[in-house]
1. Inspect all residues belonging to segment 154-169 and state whether any of them is within 15 Å of the ligand (Cβ to nearest atom) and either closer than 19 Å to His364 by Cβ or small (Gly, Ala, Ser) (or both).
2. Out of Ser105, Ser120, report the one residue that is within 16 Å of the ligand (Cβ to nearest atom) and not hydrophobic (A, V, I, L, M, F, W, C).
3. I'm told Ile320 meets every condition in (1) out of contact with any Phe, Trp or Tyr (no Cβ under 8 Å at 6 or more places or on another chain); (2) over 12 Å from Ala398 (Cβ atoms); (3) surrounded by fewer than 20 Cβ atoms within 10 Å (Cβ to Cβ) except one. Can you identify the failing condition by its number?
4. Can you name the residue in segment 123-139 that is within 16 Å of the ligand (Cβ to nearest atom) and among the hydrophobic types (A, V, I, L, M, F, W, C) and is also surrounded by the most Cβ atoms within 10 Å (Cβ to Cβ) among such residues?
5. Could you check segment 387-407 and list, in sequence order, the residues that are within 26 Å of Ala304 (Cβ to Cβ) and out of contact with any strand residue (DSSP E or B) (no Cβ under 8 Å at 6 or more places or on another chain)?
6. For segment 183-196, state whether one or more residues are more than 11 Å from the ligand (Cβ to nearest atom), within 16 Å of the chain's Cα centre (by Cα), crowded, with 23+ Cβ neighbours inside 10 Å and at negative phi.
7. Mind listing whichever residues of segment 353-390 are assigned to a helix (DSSP H, G or I) and surrounded by fewer than 23 Cβ atoms within 10 Å (Cβ to Cβ)?
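Please treat every number below as a calculation from the coordinates, not as lab data. Bear in mind the structure is a predicted one, so any value in this text is a computation, not a measurement. Cβ placement follows ideal geometry from the backbone for every residue including glycine, while neighbour counts extend to all protein chains displayed.
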Amino acid sequence: WSDAEVTALRAQFPQLARLIHGKPLVYFDNANTAQTPERVVAAMDRYYRDFNANVARAVHTLGSEATEHYEAARDVIAGFLNAQRREEIVFTSGTTAAINLVAYSFLAPKLQPGDEILVSQMEHHANIVPWQLIAERAGAKVVPVPINQAGELLLPELAALINPRTRLIGITHVSNALGTINPVAEIVALAKTAGVPVLVDGSQAVPHLAVDVQALDADFYVFTGHKLFGPTGTGVLYAKTAHLEAMPPFFGGGEMIRTVSFSGTTFADPPHRFEAGTPNIAGFIGLAEAVRFVQELGIDRIAARESMLCELALVRFQDIPGFRLIGQAKHRAPVFSFVIDGVHAHDVATLLDFEGVAVRSGHHCAHPLMQFYGVPATARASLAFYNTEAEITQFVAAVKKVRERLL
Ligand code: PMP
C-alpha cells in the first residue's frame, strides 16, 4: 500500500491520531480490541437516530427498518464466512457466549462419564472453561493437546489422542497469545475420519485471514465483533444446519419461540431459536459495516500487508537487547508475546504507555500456555493492517528505553 493509501486509511480511525503522554499513539493492542472506523460508528449512530425500534416484533415502519438492517447484517456475515445458508449464522454477545451456547446446547446433552473433549494447550480460557464446566457435570474430562516450544500444535499427538470417547475438538484458528496460525483444515479432516465434531475459535483469525467455513468444513466457527473493527457485545456462531436444527435452545424468552402455552412451548427455527430476547441491534448493524469495510479493503490485501509488517517487526525486534519472543511459529499472524529478561511484563507495559505505546501484559486469558512456557506473564504487541513501519520503529525505541530504565 502506498503511504498515501495508509494515511487515508488511518484517517478513518480517529483514535489512531491521539497523542498519549504527548507522544503519537502506537496502538499495538489489536488482539485485545481493535479500533473502530468512523463508518462503523456512523452506522450505529444512524440506527439510533433514524430507525431505533425492536426487531421482529413491530409492524410499523421503524420496526421493519430495524429488522431489515439486522437481518441484512446476517447476510453480510454469512457472505463473509462463505456459509452455505444465512440461517447458519447465530448472533451472540461474543465468542465466549458462542462457545457456551455450543457447550450447553450441542455437547452437554450428549456427554457421558468418561467422555473426552480435546482442546489445545494454547487455547484462550473461553475455549477451555465452558468445556470444563459441562465435563464436570457429566463426569467427562477436558484433555489438552500438546504444543512444541515454537508454539505449534503437535498434529501426530492430536491424532493419537483421538479415541472413541472423544466428543469434540476445540481449537483456536490463530493463538491470541502467540500468533500461531493453526492448520485447522487438516485438524478438521483428521477429526472427520473419526467422526468427531470440531469447534474453531476464529476470534483472532477473522481480522487477518480469509475464512471459508465450507472449505474448512468445521462444524462450528465462532468469532467476536470487537476484534474485527466492530463494536463490543457482538459475536457470531456459525454452525452447520444439521447441528443447529438438532440443538435445543440454551436461553429461553421472547423472540425464540413459535408458540408458548403452559402445556408446552414450541421453538422457532434456527437461528432465531438461539437469539432469545432483544438483541444488540445497533451492534450487529455496526459489525456488518465493519465487515463491509474489511471486504472493500480486501482480506487478501490485508493479509499481505500484515505479513510485511510481521517480517519487519521480527527483524527489528532483534535490535532490542534481552528481548525474548515467546512462540516462534513459522506460520503466524502479527501477534507477538515477549518478555524482557529481568523485567516484569506489567512494568514494561506500564512504562510503554508513557512512550505512547499500547500493549497488553498479563496471562492473556491463557494460563495453561503461560504454565507451559514457565512465565507468569508476557507483554504482547498485536498489530492490525493500519499499523505502520514508523510505529514499529517507535515501539522498538520505546522498549529499549523502558528496558534501560528498569534494569
Ligand atoms: N478466544 C480468543 C482466541 C480470544 O482472543 C478472545 C478474546 N481475547 C476470546 C476467545 C474471547 O472473546 P470475547 O471476550 O469477546 O468473548
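1. Checking segment 154-169: not a single residue is within 15 Å of the ligand (Cβ to nearest atom) and either closer than 19 Å to His364 by Cβ or small (Gly, Ala, Ser) (or both).
2. So the residue among Ser105, Ser120 that is within 16 Å of the ligand (Cβ to nearest atom) and not hydrophobic (A, V, I, L, M, F, W, C) is Ser120.
3. (2)
4. Trp131
5. Thr388, Glu389, Ala390, Ile392, Thr393, Val396
6. Yes, segment 183-196 has at least one match.
7. Asp353, Phe354, His367, Pro368, Met370, Gln371, Phe372, Tyr373, Glu389, Ala390 - these are the residues of segment 353-390 that are assigned to a helix (DSSP H, G or I) and surrounded by fewer than 23 Cβ atoms within 10 Å (Cβ to Cβ).
Conditions (1) hydrophobic (A, V, I, L, M, F, W, C); (2) part of a helix (DSSP H, G or I); (3) closer than 15 Å to Ala218 by Cβ, marked per residue:
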site	(1), (2), (3)
Ala98	yes, yes, yes
Leu101	yes, yes, no
Tyr104	no, yes, no
Ala108	yes, yes, no
Pro113	no, no, no
Ile117	yes, no, no
Ala126	yes, yes, no
Trp131	yes, yes, no
Ala135	yes, yes, no
